[in-house]
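The structure under discussion appears below in the form of structure tokens.
The values are calculated or read from the model by the stated rules, or taken from the named source; none is laboratory data. Predicted, not measured: the structure shown is a model, and the values here were computed from it. Note: ideal-geometry Cβ built from the backbone for every residue, glycine included; neighbour counts use all protein chains shown. Please note that ligands, DNA and RNA were not included when accessible areas were found on the heavy atoms of the full protein model with its side chains. Shrake-Rupley method; radii C 1.70, N 1.55, O 1.52, S 1.80 Å.
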Amino acid sequence: MIGISAVLLGAAVFTSAARADPPALHFPVDCTLGETCFLQQFVDRDPGPGARDFTCGPLSYDTHQGTDIRLPDLEAMAAGATVTAAAPGIVRGTRDGVADLGRAAMLDGQDCGNGVAITHADGWETQYCHLRMGSVAVTTGDAVAAGTPLGLIGLSGNTEFPHLHLTLRRDGQVVDPFSPSDIALCGAQAAQLWADPITPSMGGFLSAGFSAALPEFDEIEAGRADAATLSATTSAALVLWANVYGGRAGDVLTLTITSPDGGAFHTQSVTLERTQAQLFRASGRRAPAGGWPAGRYLGQITLTREAREIDRIEADVTLR
């Protein structure tokens, strides 16, 4: 979750955008959506204490004012993911120098962390939060084009995972780029503001891998839980795991491991009991006496919702 920094841009009011034509928005991260970056959360379309996204689903939280474009883990953040301007405009303000330590180290008034605010024609404005410390590449007063690099995705401010929080406003009022209709409504068919329309998956896999034991979630978040090789003689277990975003109660995760000879090695299906923004599940087998047969093991995990497969991810490991 993130908060909006009053220091950087001031308070926002939820409403609809109904007057002039909005800018056509360039996707603001240099990544491949659904592969190297993911849409984690959307603008809250619930006027009360609850939360709902533009589809009336659960991918938001109360008073969330933007779109969260996340990376799978800290390893991907360290590799660098460039944040770019969503539309041409003038840089109205920036902040840099906030450490990439997330919510635990956030100072008062720095919810946005390192960020950039850009004004666009006709009262439109975009705000880019949680940039990596030292990466902000523009200064106040700069003219930018759509696609101009602004910085890198980081972990600064009020956040628990590396992501860009993008807020779009018109005359200070929050607008949802996925459905610029009355912000108190969901399920409307208003045309998106993205120059290239986006069809979000509304849940899926961030990462997957093999390990020799049940991994710690901190290791998954860091990007260190996916072993390329394991010992065939000393590994106590062979575990396939998957990191999931947007899981819903009733979703079915099926984890399957195939042995080096192509035979069925292990399979398990798990039904999620509650809706969660992020979770991980793992399944596997303990090592037999004498260890495992050497070779390459394949893993496949599917996510099924209402009898329809919505995502699939694969992993492999070599036992030596």
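Here are some notes:
- Accessible area per residue for the chain is 43 Å², calculated with a 1.4 Å probe on protein heavy atoms, without ligands, DNA or RNA.
- Taking amide H positions as modeled 1.01 Å from N, with prolines and chain starts lacking one, the residues under 5 Å from ASP142 and 5 or more places away or on another chain are VAL91.
- Within the accessible area of the chain (1.4 Å probe), percent carbon and sulfur: 51
- Cα gyration tensor, the stretch 199-297 - rounded (a/c under 1.5), prolate or oblate: prolate
- Relative contact order [Cα under 8 Å, 6+ residues apart], the stretch 139-284, whole percent: 16
- Taking all Cα pairs closer than 8 Å and separated by 6 or more residues, the relative contact order of the stretch 29-79 comes to 36 percent.
- Distance (nanometres) between label positions extended 7 Å along Cα→Cβ at GLN268 and GLU314: 2.3
- Accessible area (Å², 1.4 Å probe, nearest 10) - GLU221: 50
- Coupling constants for the stretch 128-134 follow from the phi torsions by the Karplus curve (6.51 cos²θ - 1.76 cosθ + 1.60, θ = phi - 60°), and in residue order they are 10, 10, 6, 6, 6, 4, x Hz; glycine and proline get x.
- Here the sum of -39500 (n - 2.57) over DSSP H runs of 4 or more residues, divided by the residues of the chain, equals -1000 deg cm²/dmol at 222 nm, to the nearest 500.
- 25 °C / 0.890 mPa s Stokes-Einstein diffusion coefficient of the chain, Kirkwood radius on C-alpha pairs, µm²/s: 118
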